[in-house]
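K.L.:
Have a look at the structure that comes next, please.
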């Protein structure tokens, strides 16, 4: 409690917050401070950015550094400690300034991620870097992937993708300060495919990441149109276009916007949920890296429609390139007056605050994301009350996924009639699919709703090496496995509901004949156990009991028969689905259950 | 101060609990309504004088129109709400929650009610296997979020660990911590406004299988003399 910050720690925090105004917030005590209490207003919302600053400076969060942040922001130290220990990218123990996160999650796992992890563990010297196993890094089309997180003088995160199973590139990124400053690079000469006519129309043009290039593609025409129409008509068009949320919950966007617009409480907020962490999902990353202004324009339209003056763009901590592109784009948009005090005309402000997560799948859950922005632990809240009335800071909030938001642009530029001319009656427009695993040309593909699963896989070149499809993971780890008999399944919201599968976040992970599904189930069970925030009992203990039961089945040390264990897993699945607070717990068993029921896993003898 | 709490009169409304109409004041929770009609509802993290945090989920009920079960302790009852407290789904969820807690935390000193409920719901915490040996002191404190420990398939993980004795006034026994957040709430906005206790870590890493230890930066001896660790820190 009495630990003091080092000069470097103090400097890093002051660089973010500015110098302290008085001794009441950590400055030097003056005569005035003895007479006047000048506690700053609660700035807890800056806690996560401040922790990033500290961590970036020295590679861990010391007690002295944390104390200084607490003084500057008026946050109780115990609470700040609780927040600092919540995120996987932070450490409160001293460690080397470089951390190598090797992804051994689903898509990387079937492309040699586990072997790469072992290699890095044995070859990267422990005094230079810590090697950790990472949940999905969202680079599945270029698997296997590594995130090198560097602090101190060489600070800046580097994403290495599609790297061979040796530690050569990793060591380069650890040693060479020239590599980095937040860049992604891929060792392969063949670029993954990012193909689409509407949402991905600009993704193939590197120039679209600048405002000039974006405008050359017709950028900001949608905002122009929105301002001509007025907010009510914008919401009406979005509603008529039947835009449904693409983050997994499929909630009607027009209803959400209407709900926020109708609130009389001020201020209101709009948030872009870019905490894309569902294993197998990378579409939002591709959009943000290649078309950052589309995200900013769409969020600006959301603010215009709902009456918000402040927006947040919450991006996961493992996306350095997308973070840089967005932050550059925000600066450029501000310079052009598209954001700022007069964004919607004289005296009508709107601006966007870019917030970076720090390694927590749960923060993609909307209410957990609110808490994270507020500087609290990213634990979900109970609903109701819903975000429309009680969102971030307890105010009316509209929160939409990246893909959902950018759909608003074609709705406004093309018009509703043209927009709904593709897709089905209930699932309008197009959808981004994340093709990974055993496909010839992985990438993000835009298809109209109603396309069949088989056609989506064929468009990506099918399975390499003439092998057959054993299973497809649809919708991510929170989705489920389907067999090759479902290749004719139509990918729409209504077909998915009726057929008992889910589109989730658009994950189509293809698994060939030789894939070990049991191994993937173990990884999924482990994922949910690691990522459960621990708040509610069904998820906190259920994810542990699920993983334990699977391990017992694998090694053949079942309690009772395998059938008894399958019954136990069903019981655990039911209570997680029915009684957990949020979507993480509610879906933590769905993929494992789908594998057991569809593929008869653990039906007979022990598999190991 | 009056001996009987005086409140603004509240409008009464009807809710349906297991087919019986209950008349309760507006703003009541489902739990209030259940208690008013004599429906026995198990609770663990709930306390009458604290803001419900609905973390244990043992009080869940079925509400018509809701996809998932809802926590009775925190959900406000609405006029005309149809509530079922004794369906197979509700009983099964409550039973599993009791089994989860019973298999991972030492609940032997929990209330008589808790033990009675365990019997009533035929909860069998041993179905997940024998409890693992307690970890050595400090072992859990070194676990970080994201660092996975493969489970030992022969035992069920628990939060058992040696008692931590910080000083004569502050003893922490995490082997019995059900993460009800009551201490956090009482130390925070519900009573003391001291904010010296917070939950740290995430679920299965730095805490336990299940749990997360609450940890205070300065052990609060929660008496009038040393009420606020934080207040002292900021002078």
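Values in this text are rule-based calculations from the coordinates and carry no lab data. It should be emphasised that the depicted structure is a prediction, and the values quoted were computed from it without experimental measurement. Glycine also receives a Cβ, built like all others from the backbone with ideal geometry; neighbour counts cover every protein chain displayed.
K.L.:
With a cut-off of 8 Å between alpha carbons and a minimum separation of six or more residues, what is the relative contact order of the stretch A:177-306 in percent? It would help to have the intermediate numbers written out before the result.
P.N.:
Working: 99 pairs, mean separation 42.8, N = 130.
Here the relative contact order equals 33 percent.
K.L.:
Turning to a different aspect of this structure: So what is the calculated 222 nm ellipticity per residue for the protein assembly as shown, using -39500 (n - 2.57) for each DSSP H run with n of 4 or more, over all residues, to the nearest 500 deg cm²/dmol? Don't skip to the end; give the middle numbers.
P.N.:
On the way: 30 runs with 293 residues, N = 843.
Mean residue ellipticity at 222 nm (helix-derived): -10000 deg cm²/dmol.
K.L.:
How would the protein assembly as shown be classified by its alpha-carbon gyration tensor: rounded, prolate or oblate, with rounded meaning a/c under 1.5 and the a/b versus b/c comparison settling the rest?
P.N.:
Numbers: a/c = 1.22, a/b = 1.12, b/c = 1.09.
It comes out rounded by the Cα gyration axes.
K.L.:
Still on this structure, I have one more. Going by C-beta contacts inside 10 Å, put A:134, B:111, A:23, B:93 in order with the fewest on the left.
P.N.:
On the way: A:134 25, B:111 11, A:23 16, B:93 28.
Going from least to most buried by this count: B:111, A:23, A:134, B:93.
K.L.:
If contacts are Cα pairs under 8 angstrom and at least 6 residues apart, what is the relative contact order of the stretch A:211-275 in percent?
P.N.:
Numbers: 25 pairs, mean separation 12.0, N = 65.
Value for the stretch A:211-275: 19 percent.
K.L.:
Now for a separate question. Using only atoms on other chains, find how many Cβ atoms lie within 10 Å of each Cβ of peptide A:523-535 and report the average.
P.N.:
Values: counts 0, 0, 1, 5, 1, 2, 8, 9, 5, 5, 5, 16, 10.
Other-chain Cβ atoms within 10 Å of each residue's Cβ, averaged: 5.
K.L.:
Taking neighbour counts of Cβ atoms within 10 Å as a proxy for exposure, in what order, fewest first, do A:171, B:81 appear?
P.N.:
Numbers: A:171 18, B:81 22.
Final ranking by Cβ density, sparse to dense: A:171, B:81.
K.L.:
Continuing with this model, one more query. Give me the percent relative contact order of chain A, please, defined on Cα pairs under 8 angstrom at least 6 residues apart. Before the final figure, lay out the partial values.
P.N.:
On the way: 1285 pairs, mean separation 71.4, N = 608.
It rounds to 12 percent for chain A.
K.L.:
Would you please classify the overall shape of the stretch A:480-608 from the alpha carbon gyration tensor, given that a ≥ b ≥ c denote the square roots of the eigenvalues, rounded means a/c under 1.5, and beyond that prolate means a/b larger than b/c while oblate covers the rest? List each step's numbers first, then the result.
P.N.:
Working: a/c = 1.84, a/b = 1.15, b/c = 1.60.
Oblate, since a/c reaches 1.5 and b/c is not below a/b.
K.L.:
For A:251, B:100, B:128, which order do you get if you count the other beta carbons within 10 Å of each Cβ and list the fewest first? Can you show the working numbers first?
P.N.:
Details: A:251 15, B:100 29, B:128 25.
If I rank by nearby Cβ atoms, fewest first, I get A:251, B:128, B:100.
K.L.:
Moving on to the next point. Can you give me the C-alpha center-to-center distance between the stretch A:420-487 and the stretch A:285-313, rounded to a whole angstrom?
P.N.:
Taking the Cα centre of the stretch A:285-313 as reference, the centre of the stretch A:420-487 is 27 Å away.
K.L.:
If a/c stays under 1.5 just call it rounded; otherwise compare a/b with b/c (prolate if a/b is bigger, oblate if not). Do that for the stretch A:402-523, with a ≥ b ≥ c from the square roots of the Cα gyration tensor eigenvalues. Intermediate results must be reported in sequence, preceding the final value.
P.N.:
Working: a/c = 2.13, a/b = 1.90, b/c = 1.12.
The shape class here is prolate.
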